[in-house]
Amino acid sequence: MAGHGGLDGRYLLEFQVIGASVKVSAIDPRTRLEVSIVGPSNAARADLSRAAVNKLEHMLRKRAQEAASSGSRGGFTV
């Protein structure tokens, strides 16, 4: 795992090579939100990291917008 700059400082990145592919998971430790992408194992780590972090930040913004529009005070719906 490696740290990456995020909105509040750091995200965690995990790389798992699976044959000719690599799964990259990006985790926001503050919210515990995790997203994953899959790319070619010969792609640059920086490109894979950027794609995973972009997806994570998109999901964080989406979650914040949903919380603001529903008047939520936190937690989650099951």
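Residue check: is Ser25 closer than 15 Å to Arg10 by Cβ, touching a residue at least 40 places away in the same chain (Cβ under 8 Å) and surrounded by 16 or more Cβ atoms within 10 Å (Cβ to Cβ)? Quick ask: steps written out before the conclusion?
Details: closer than 15 Å to Arg10 by Cβ: yes; touching a residue at least 40 places away in the same chain (Cβ under 8 Å): no; surrounded by 16 or more Cβ atoms within 10 Å (Cβ to Cβ): yes.
In short, no.
Please enumerate the residues belonging to segment 38-73 that are exposed (fewer than 12 other Cβ atoms within 10 Å of the Cβ) and closer than 15 Å to Tyr11 by Cβ. Those that are exposed (fewer than 12 other Cβ atoms within 10 Å of the Cβ) and closer than 15 Å to Tyr11 by Cβ: Ala46, His58, Arg61.
Candidates in segment 9-26 are the residues that are assigned to a loop (DSSP other than H, G, I, E, B) and touching a strand residue (DSSP E or B) at 6+ places or on another chain (Cβ under 8 Å); of these, the one that is modelled with the highest pLDDT is Ala20.
Hey, can you tell me all the residues within segment 33-75 that are in a loop (DSSP other than H, G, I, E, B) and either hydrophobic (A, V, I, L, M, F, W, C) or modelled with pLDDT of 95 or more (or both)? Explain how you work it out, then say what you get.
Step one: list which residues in segment 33-75 are in a loop (DSSP other than H, G, I, E, B), which gives 41-44, 71-75.
Passing the criteria: Ser41, Asn42, Ala43, Ala44.
The residue pairs whose first member lies in segment 35-58 and is free of Cβ contacts under 8 Å to residues at least 24 places away in the same chain, whose second member is polar (S, T, N, Q), and whose beta carbons are closer than 8 Å, counting only pairs six or more residues apart or on different chains, are Ser36/Ser25; Val38/Ser21; Gly39/Ser21; Pro40/Ser21.
The values are calculated or read from the model by the stated rules, or taken from the named source; none is laboratory data. It should be emphasised that the depicted structure is a prediction, and the values quoted were computed from it without experimental measurement. Neighbour counts are summed over all protein chains in view; Cβ atoms, including those assigned to glycine, are modelled from backbone coordinates with ideal geometry.
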